[in-house]
Structure formats: C-alpha cells, structure tokens
Amino acid sequence: MTANLGLLQIPLTNDFSRKIIHVDMDAFYASIEEREHPEFVGKPLIIARDPSDTGGKGVVTTANYSARRFGVHSAMAAQKALALCPKAIFKRPDFTLYRQVSQQVHQIFKQYTDVIEYVALDEAYLDVTANKADLASAVMLARRIQKQIKQLTQLTSSTGISYNKFLAKMASDYRKPAGTTVIMPKQALAFLHDLPIEKFHGVGKKTVPKLHELDIYTGADLQKLTELTLIQRFGKMGDQLYRHAHGVDLRPVEYQRQRKSVGREETFGQPLMTEEQVQAELRRLAKGVAANLAKAQLHGKTIVLKTRNRDFETVTKRLTLNDYIADERSINRYAQQLWQDSGDLSKGIRLLGITLTTLNPIAFEEIRLPLFKSSNQR
Amino acid sequence: MQFSIKRTLFVKKLNDVQRAISSKTTIPILTGIKLALTDAGLMLTGSDADISIEAFISATDEKNELEIGSTGAIVLPARFFSEIVKKLPEDTMTLEVKDNFQTELRSGSASFTINGLDANNYPHLPSIDTEKQVVIDANVLKQLIAQTVIAVSTQESRPILTGVHLVLDNQELLAVATDSHRLSQRKLHLDIDKDIHYDVIIPGKSLLELSRTLSDDVETVEMRIAENQVLFVAGTISFYSRLLEGNYPETSRLIPSSSTTQVEFNAPQLLAAIERASLLSHASHNNVIKLTLDPAKDDVTIYGNSPDVGNVQETLTHSNLDGEQLEISFNPDYMKDALRSFGQTEIQVAFTSALRPFTLVPTEDQDHFVQLITPVRTF
C-alpha cells in the first residue's frame with residue numbers, strides 16, 4: 001500500500017472558512033478546590049488521595065500551577081508527586097462537584113452555538129462560524145465566554161481560536177492561564193514552524209524519541225518531510241502529523257459524537273464479601289445503566305462486567321449477545337451470568353462495574369412472539 | 001479381525017458416519033470410529049453423544065466386495081483413518097487388527113500401521129424397540145427439515161427453541177420451529193396407524209445432519225421414538241439423536257387466522273428484490289427493510305437504506321393486492337430464509353398490522369406450510 005503511495009499525489013486541501021474556539025479550563029479541578037477552600041490558595045495543591053492514606057496507591061488527577069512548578073503533573077503516581085513536593089496539600093477529587101461546574105460552563109457555551117464537542121469536563125471545541133450572538137469576531141466571542149465563565153464560576157479559562165480544531169487546541173495551550181490566542185490562516189505555518197514537536201497534539205512520550213531520531217525537533221523540521229516518509233514511518237498517525245504540520249485538520253466539531261459505551265461502576269470503601277451483597281450491587285448498577293441507556297436512547301449488544309478485588313487485581317469479562325438489550329432485567333441477568341461464570345469473592349470486591357458497548361441508537365426493535373409468559377416484557 | 005473391501009464404497013460409508021464425530025468431544029474414545037465385523041457384515045459407528053450414526057456394509061451384497069478373514073471389533077482415530085483410506089492407492093484395501101490393537105491398512109504396495117483402541121470401551125448405542133414405527137418419504141422429510149430448521153433458534157438461552165417440535169397425531173405430522181422472531185410450520189399427512197401419537201422436540205442440528213446423510217437413492221425413512229432418543233433408519237444408515245427435554249411453547253395460537261392486507265408474489269422474484277434491498281441495509285446497523293402496500297394504487301414498494309452508503313427503492317411485481325393500505329418494516333434476513341424455503345412457487349403474504357406478525361403461504365396449498373415473520377418497530 002505505502003509503496004504505491006509514491007505514485008499517488010494526495011491533494012492537501014485546506015479549509016479556512018471555519019471559526020473554531022477551543023476552551024480549556026485552567027487547572028480546572030484544582031481551581032474549583034481553591035475556590036471552595038480559600039486556605040489552599042497559594043499553596044501547592046494536588047488533586048489525588050493522600051498517598052499516606054492509600055498506602056502509596058493512586059495517581060494525580062491534576063495539580064494547581066503552584067504544584068506544577070515542582071514538576072507535578074496529571075497521571076503521575078501520587079507517591080512520586082509527594083516526593084517531588086512534600087509540602088503539597090492532597091485533596092481527594094470530588095467529581096460530582098466538578099461535573100456541576102462543568103454543566104454551568106456548558107450552559108454558557110450553548111448561548112453561542114449548538115455545535116459543541118465536549119472532550120472532557122474541562123475542555124470543549126465550539127464551532128462559531130455561525131453563532132447565535134451573530135458576532136463576526138471569534139476572538140471577541142471567546143473573550144466574552146471567558147468573562148462569563150469567570151463571573152459565574154470565578155474560574156479562569158484559556159481559549160484558542162483558529163480555523164480548525166488542531167490549531168485551536170494548540171492556541172489555547174499557548175498562553176495559559178487566562179490566555180486568548182488566535183491563529184489566523186496566514187500565521188498558521190509560522191506558528192507551527194517554531195512549535196516544539198512535543199507540543200503537537202497526538203505526539204506522545206513514545207513518539208517523541210522516534211521523531212528525534214529522524215532529527216525532528218520542531219514543526220519546521222516536520223514540514224520538511226514528505227507525507228510518504230511520515231506514513232511509512234508512523235502509519236496513519238504519520239499522515240495526521242503531516243497534515244497538522246501544514247495546518248490542515250478537516251475534522252468537524254462533533255457535536256453529536258456517538259457514545260461508545262454506557263456504564264456505571266462503584267467503588268466500595270468496605271469490600272463486598274458475600275454473594276448477596278454482590279448480587280444486590282449488580283442489580284443497582286443494572287438499574288443505573290438501564291436509566292442511562294434510556295436517557296441516551298441507546299441499546300447495546302455487548303455487556304462488560306468489571307471487578308476489582310482488595311489486591312487491586314482488576315478483571316473484566318464480556319459477553320456479546322445476538323440481540324440488543326437496554327432493559328434493567330436483561331442487563332442484570334447477563335451481568336449476573338458473567339459474575340457466576342467468572343466472579344471470585346475470595347479476595348473481596350472493592351469495585352464493581354457494568355458497561356454496555358456495541359451501542360446503537362434505538363431506531364428499531366424486533367418484535368418478539370409471546371412464546372413464554374415470563375418473556376412478555378412488552 | 002481381518003477383511004478386505006472395495007475402497008470407494010468404504011469411503012462413502014466412512015463419510016456418512018463421520019458426520020457424527022466431533023474432534024472437540026469431551027469423551028476421548030468418541031474421536032474414534034468403531035468398526036465391528038460379524039459374519040453378516042461390517043458395522044461402522046460414530047458418535048458425539050448428541051448424534052450417533054451407524055452404517056452397515058453387508059457381506060452378502062456382492063457390490064461391496066467385502067471379504068471377511070476373521071471377525072472382531074476395533075476403534076480407530078476417525079480423522080487419520082478416513083484420510084488414510086481416502087488416499088490409499090488401489091481399488092481395494094485390507095484391514096487387519098494385530099496385537100495391542102495395532103491395525104494394519106494395506107492397499108497395493110502401501111502399508112500403514114495405526115494405533116487403535118479397545119472396542120469394548122466404546123459406548124453402547126441405545127436400543128429402540130417399538131412397534132409404532134413411522135415411515136416417511138425421504139424427499140418429503142428432507143423438505144420438511146429444510147423448511148423448518150431455518151426458524152430454529154441458535155441461542156442457547158432458550159434451549160428448547162434450538163429444536164424442531166414434532167407432533168404426530170391422527171395420521172398428521174406437525175413440525176414447528178421458532179426463534180421467537182419468526183416461525184415455520186409444516187403439516188404432513190401420513191398413512192400410519194391412527195393411534196400412533198408422539199410429541200417430541202428434536203435438535204435442529206441433528207435434523208440438519210440427518211438431512212445431509214439422506215442420499216438420493218434412499219426412498220423412505222423409518223422413524224422410531226423412545227423416551228429420550230429418536231432413531232431414523234434410512235437404507236443401511238441408522239441415525240440416532242437425543243431429544244430435547246421440556247415443554248415446547250404452544251404455537252398454534254400465534255398464527256393469525258385472518259388478515260387485513262393480502263398480496264401475492266412469485267417467491268424467487270421477491271427473494272431477488274429483497275436480496276437487492278438488503279445489500280444496503282446490511283451495511284447499516286439497522287438491518288431493516290420497509291415495505292409499503294397501497295391497494296388503491298395497486299403499488300407495492302420496498303425501501304432499504306444505510307445512512308453511510310445510500311438507499312434503494314424498488315417497485316415489486318405482484319398480483320391480487322387487496323385490503324388496507326399498510327407500511328411495515330422487517331428484518332430482510334428472516335424474509336430471505338423464509339422465501340428460499342418455498343422454492344419456485346407463487347406465495348401469498350398476509351398482513352394484519354404494522355406491528356403484528358405476517359404470514360407467507362404457498363398460494364396453491366395454504367394449509368400445509370406457513371412461514372410467520374415478526375415485523376420491526378421503527379422509531
């Protein structure tokens with residue numbers, strides 16, 4: 001395939017017509033905690049369970065800028081963060097609160113556009129090419145959103161504005177916190193020219209050394225390579241790198257992004273030790289999953305049971321069915337079946353989760369013959 | 001044990017018996033084939049515990065060219081044995097069991113020695129003695145199987161639905177299968193004793209295998225039923241299957257007796273149209289086809305669509321469209337299976353409402369064969 005590519009000239013078309021804002025909340029969880037606990041302000045704050053409570057387990061969810069100066073970053077082992085910054089305050093994450101604040105922020109976005117792609121609780125792309133405020137200047141719109149977020153939540157955010165998602169994301173990252181960066185089509189190549197390769201979205205820890213091997217350190221180095229070289233070396237990702245290096249990213253803002261799975265899981269402070277407890281929890285989770293599915297108007301074909309015991313050994317078992325299911329009873333039945341097949345109580349259960357995947361919108365339902373009285377669910 | 005035999009005939013019988021042998025059995029000796037030689041002839045046996053097949057090669061039938069040196073029995077590894085036999089060089093072959101169940105196979109200048117097993121350890125097949133045997137025309141039985149097994153469930157969650165329900169009463173044989181989305185029912189009149197009555201569920205898989213073992217030269221099949229086994233005797237082949245335990249759901253009430261919209265099609269023509277329409281619906285997650293019937297305009301149209309690929313629309317050739325206007329959606333796979341079971345005939349399709357099952361019957365004979373399909377509710 002790739003060999004033939006030498007003969008092919010893949011057109012590199014660009015689209016400068018869109019206006020996309022990437023909004024990134026600044027140290028979102030940490031900032032919320034500082035707002036709730038003014039005594040934390042100015043001190044290094046790490047959102048993670050205190051490693052001395054967990055026996056060294058757990059990872060950093062995020063850290064405030066003060067802690068980041070010590071080299072602490074998200075996904076780092078909490079133990080290591082403690083070593084880097086022994087004076088840091090550890091705060092157990094409160095996702096319910098973070099979700100609430102995130103919802104408030106989303107409400108602000110919705111005043112301006114419906115084309116919003118939520119990447120995470122603290123991050124979203126907004127396509128404001130056409131916007132409800134009828135503002136021609138996306139920069140003014142971004143500033144207005146940031147101001148409104150600040151007024152409503154007392155939190156700062158950074159925005160990046162450009163003609164595609166990749167550049168908008170790069171821009172929001174350029175000046176933090178509370179920055180507003182715009183990359184105009186004319187500026188894009190120059191901006192990318194000086195950008196260190198590590199900053200490119202999608203270039204991870206494993207790719208950086210490979211790129212360095214090829215003498216690629218900045219966007220300028222990347223721009224010199226042909227698409228063929230990058231594809232041969234990095235496959236699909238190479239193609240993406242090539243496009244990004246030339247400021248091309250035609251991905252739409254996916255405001256109707258399809259969910260891949262719907263699930264619920266629960267961690268138990270007191271590990272479950274009996275069959276009855278597990279069954280009761282599975283019933284509760286099944287009810288929750290069914291409720292989530294109903295809300296999203298989805299049904300699924302694959303059911304996944306996740307268990308974790310006291311030794312933190314995590315096991316997931318899956319079962320793919322012939323028919324789509326969405327109701328509490330079926331979800332519970334198959335989850336119980338997976339538990340009967342693979343469950344192990346000997347080391348207690350500290351986490352249980354049920355997830356449904358291979359999802360599909362409920363656009364149709366195959367009607368069943370009423371063969372058995374018990375199966376007359378409808 | 002020692003004999004020589006005409007190889008082509010032996011290969012054919014081996015193939016028949018091998019249908020019952022699975023390499024994945026939990027009982028090791030069942031991966032083997034049993035050969036038992038008496039003065040009357042050679043009996044081959046294969047089994048996977050669900051199905052057992054016996055094939056007899058008579059010593060008195062000269063076509064078989066069976067020359068008996070000494071009688072006896074042996075179990076040989078089925079896969080190796082049959083592969084070897086198929087590849088032996090000459091028209092005849094000789095088999096001789098030596099010490100420690102070592103078995104020598106010779107043909108021309110080729111000679112194999114393979115390790116056999118003691119035939120005394122091979123499970124015994126049940127003996128099914130009954131006066132109440134039922135004789136069925138082999139072609140009719142094959143057709144009945146083909147028409148019903150398509151509707152058998154492949155899901156183990158309701159084991160009973162993986163079988164075909166056979167009811168024999170008052171000289172009538174009724175065969176029903178359903179996977180709860182479609183149902184197939186076939187009725188046959190049999191010239192048998194009026195007081196023969198049976199109600200059994202035979203695994204669909206067994207019937208499929210039985211149908212494959214029925215060669216064209218077999219004219220009739222004799223069915224004998226015991227408590228948990230059924231035996232079909234066809235020529236020199238005996239086919240045993242276990243029966244499914246439990247009560248089959250009452251299905252007669254599910255077949256609607258009246259309809260509000262009726263139309264007739266040529267089965268192969270409709271099948272071809274459904275196959276075209278399902279090209280796109282298969283590409284989508286929603287494998288659904290929509291059918292509209294408009295008697296006022298005498299129009300029948302199918303629609304298929306895949307959001308990613310495109311859509312299709314086709315006006316169907318039909319006759320005698322009558323009744324109320326209707327729009328109904330269904331899974332084309334069920335429709336295709338059903339239509340194939342009719343062969344080259346005209347069929348009548350009868351609907352009652354968009355959310356009620358509809359039926360397909362041969363236009364000429366509406367009483368003996370019906371396919372029922374449940375529609376799909378679209379949102």
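The values are calculated or read from the model by the stated rules, or taken from the named source; none is laboratory data. The shown structure was predicted, so the numbers you read here are calculated from the model rather than taken from an experiment. Glycine also receives a Cβ, built like all others from the backbone with ideal geometry; neighbour counts cover every protein chain displayed. Surface areas here come from the heavy atoms of the whole protein model, side chains and all, with no ligands, DNA or RNA. Shrake-Rupley method; radii C 1.70, N 1.55, O 1.52, S 1.80 Å.
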note = Filtering strands (runs of 3 or more DSSP E) wholly in the stretch B:142-204 for at least 2 residues that are modelled with pLDDT of 95 or more and within 14 Å of chain A (Cβ to nearest Cβ) gives B:163-169, B:172-178, B:182-189
ask   = Could you say whether any residue in the stretch B:354-366 is out of contact with any strand residue (DSSP E or B) (no Cβ under 7 Å at 6 or more places or on another chain) and within 12 Å of another protein chain (Cβ to nearest Cβ)?
value = yes
message = Given (1) open to solvent by less than 60 Å² (accessible area, probe 1.4 Å); (2) part of a helix (DSSP H, G or I); (3) among the aliphatic types (A, V, I, L, M), identify the lone condition not met by A:A83.
response = (1)
note = (1) open to solvent by less than 60 Å² (accessible area, probe 1.4 Å); (2) β-branched (V, I, T); (3) within 14 Å of another protein chain (Cβ to nearest Cβ) all hold for A:T358 apart from (1)
query = Are there any strands (runs of 3 or more DSSP E) wholly within the stretch A:103-164 with 2 or more residues that are of a type outside the set (V, I, T) and open to solvent by less than 10 Å² (accessible area, probe 1.4 Å), and if so which?
reply = A:123-127, A:157-162
query = Looking at this structure, is A:G247 out of contact with any Phe, Trp or Tyr (no Cβ under 7 Å at 6 or more places or on another chain), in contact (Cβ under 8 Å) with a residue 40 or more places away in the chain, open to solvent by 40 Å² or more (accessible area, probe 1.4 Å) and on the phi > 0 side of the Ramachandran plot?
reply = no
remark   = When A:H246 is run through (1) over 26 Å from the mean Cα position of the chain (by Cα); (2) farther than 30 Å from A:I325 by Cα, the failure sits at (1)
key: Residues being over 30 Å from B:K187 (Cα atoms), touching a residue at least 12 places away in the same chain (Cβ under 8 Å) and of a type in the set (G, A, S) - total across the stretch B:90-144   = 6
key: Search result, residues across the stretch A:301-340 that are more than 17 Å from A:R283 (Cα to Cα) and of a type in the set (D, E)   = A:D311, A:E313, A:D323
task = Please determine, by comparing only the residues of the stretch A:317-369 that are among the polar types (S, T, N, Q) and in contact (Cβ under 8 Å) with a residue 40 or more places away in the chain, which one is nearest to A:T267 (Cα to Cα).
result = A:T355
message = Looking at the structure I just gave you, is B:K132 more than 23 Å from B:F358 (Cα to Cα), in a helix (DSSP H, G or I) and of a type in the set (D, E, K, R)?
response = no
query = Among the residues of the stretch A:334-353, is any in the same structural domain as A:A290 (by the TED database) and in contact with a His (Cβ under 9 Å, 6 or more places away or on another chain)?
reply = no
